[in-house]
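The values are calculated or read from the model by the stated rules, or taken from the named source; none is laboratory data. Not measured: the values here are computed from a predicted model. Note that each Cβ is placed from the backbone with ideal geometry, even for glycine, and that neighbours are counted across all protein chains shown.
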Amino acid sequence: MEKRKISRRRKLLIWLAVDLAVAAVLIALLVYRPSGYRPVAPAPNANGETVHPYLHRDLASTFYNKAQEQRPFDMTVLDKSLSEAISDKKWESEGVLLSAPQVLFVPGRIVLMGMADVEGAGFVVTIELAPQMTDRGFLDLAVEKVKVGAMNVTPLARMMAKKMYQEQFDTGGVGMDNLAAKILASLLAGQPFEPVFQVDDRWVRLNGFDITEGKLIAHFIPAKAPRQQPRLAPAGQ
């Protein structure tokens, strides 16, 4: 009888040790900080500007001026400059605070990284995109991988993303003509969209892009106004 009790205790201790080991591994994976994550410290805003010069002057103004010429043109975006421009941005949703964003351009990929604060615990979230142009000339942002620390949570993230998009669609929160909504639909529900942009009375189309180490070059051509804006579909369609 005594031997049976000792054997049972031994089994309980073994299972407890296994549970603790699994918990330790999970915690280690979650709190892992990728070596490539080096967010830029926000620079002091001495001039009181609300928009970083790189976004306003180098990107937005250049895009506007080039679009007015109605000729094919290229736009070059540098990941270091873009990361610096958005370094002070923060987003909060469902009690999760996202901060210290960083953008990395690697061959054929866009890597988005940031710190997620959940009730005082900080985790590095990594989202890897593999954008591509479809045969119809639509843009598919194609989320390839989502990680928290070193843990791959892509299947769970996709399931939650589709649920979030479906809820937005059901409540009318997804607009038909809203570019931001189309980007959201591509990210959350995998729906490609026609990359045609209006600049005053002119229209331009994203005709392709090249993503290399540290740099994204987008190719634009003049375009006509779309005849009809396609209606966004519920998730999974």
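Residue by residue, here is whether (1) out of contact with any helix residue (DSSP H, G or I) (no Cβ under 7 Å at 6 or more places or on another chain); (2) under 30 Å from W203 (Cα atoms); (3) not charged (D, E, K, R) holds:
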{"residue": "D74", "(1), (2), (3)": "yes, yes, no"}
{"residue": "A100", "(1), (2), (3)": "yes, no, yes"}
{"residue": "V111", "(1), (2), (3)": "yes, yes, yes"}
{"residue": "V148", "(1), (2), (3)": "no, no, yes"}
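What do you reckon, is Y54 assigned to a loop (DSSP other than H, G, I, E, B) and over 21 Å from I183 (Cα atoms)? Walk me through it before giving the result.
Details: assigned to a loop (DSSP other than H, G, I, E, B): no; over 21 Å from I183 (Cα atoms): yes.
No.
From V103, V77, which residue is outside any helix (DSSP H, G or I), closer than 17 Å to I211 by Cα and touching a Phe, Trp or Tyr at 6+ places or on another chain (Cβ under 9 Å)? Please lay out each step first, then the result.
Working: V103 fails: touching a Phe, Trp or Tyr at 6+ places or on another chain (Cβ under 9 Å).
Answer to the selection: V77.
Here's a check for you: in the stretch 85-100, which residue that is in a loop (DSSP other than H, G, I, E, B) and among the small types (G, A, S) is farthest from L141 (Cα to Cα)? Before the answer, list the steps.
Quick first cut of the stretch 85-100, residues in a loop (DSSP other than H, G, I, E, B) only: 86-90, 94-95.
If we keep only those that are among the small types (G, A, S) too, we end up with 87, 95.
Working: S87: 22, G95: 26 Å.
Per the stated criteria, the residue is G95.
Of the residues F193, F197, only one is touching a Phe, Trp or Tyr at 6+ places or on another chain (Cβ under 9 Å), within 19 Å of R109 (Cα to Cα), among the hydrophobic types (A, V, I, L, M, F, W, C) and modelled with pLDDT of 80 or more; which?
Numbers: F197 fails: within 19 Å of R109 (Cα to Cα).
From the options F193, F197, the qualifying one is F193.
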Please name all residue pairs, on different chains or six or more residues apart, with Cβ atoms under 7 Å, provided the first residue is in the stretch 17-29 and is part of a helix (DSSP H, G or I) and the second residue is at pLDDT 85 or above and surrounded by 10 or more Cβ atoms within 10 Å (Cβ to Cβ).
L29/G149; L29/A150; L29/M151
Only one of T154, T134 is more than 25 Å from A28 (Cβ to Cβ) and among the hydroxyl-bearing types (S, T, Y). Can you tell me which?
T134
Would you pick out the residues in the stretch 143-174 that are at pLDDT below 90 and surrounded by 14 or more Cβ atoms within 10 Å (Cβ to Cβ)?
A157, R158, A161, K162, M164, Y165, Q166, Q168, F169, V174
Checking F220 against (1) more than 30 Å from K163 (Cβ to Cβ); (2) at pLDDT below 95; (3) surrounded by 14 or more Cβ atoms within 10 Å (Cβ to Cβ): exactly one of these is not met. Which one?
(2)
Does A180 satisfy being crowded, with 18+ Cβ neighbours inside 10 Å, under 17 Å from the mean Cα position of the chain (by Cα) and outside any strand (DSSP E or B)?
no
Quick check on my filter: what residues within the stretch 109-148 are outside any loop (DSSP other than H, G, I, E, B) and either within 19 Å of F197 (Cα to Cα) or charged (D, E, K, R) (or both)?
R109, D117, E128, Q132, M133, L139, D140, E144, K145, K147
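Being among the hydrophobic types (A, V, I, L, M, F, W, C) and free of Cβ contacts under 8 Å to residues at least 60 places away in the same chain is true for just one of V125, V111, V106. Which residue is that? Before you say what the answer is, go through the steps one by one.
Numbers: V111 fails: free of Cβ contacts under 8 Å to residues at least 60 places away in the same chain; V106 fails: free of Cβ contacts under 8 Å to residues at least 60 places away in the same chain.
Testing whether each residue is among the hydrophobic types (A, V, I, L, M, F, W, C) and free of Cβ contacts under 8 Å to residues at least 60 places away in the same chain leaves just V125.
Looking at the structure I just gave you, is V96 surrounded by fewer than 12 Cβ atoms within 10 Å (Cβ to Cβ) and out of contact with any Phe, Trp or Tyr (no Cβ under 8 Å at 6 or more places or on another chain)? If you could, list the steps in order and put the result at the bottom.
Numbers: surrounded by fewer than 12 Cβ atoms within 10 Å (Cβ to Cβ): no; out of contact with any Phe, Trp or Tyr (no Cβ under 8 Å at 6 or more places or on another chain): yes.
Against the criterion (surrounded by fewer than 12 Cβ atoms within 10 Å (Cβ to Cβ) and out of contact with any Phe, Trp or Tyr (no Cβ under 8 Å at 6 or more places or on another chain)), V96 does not qualify.
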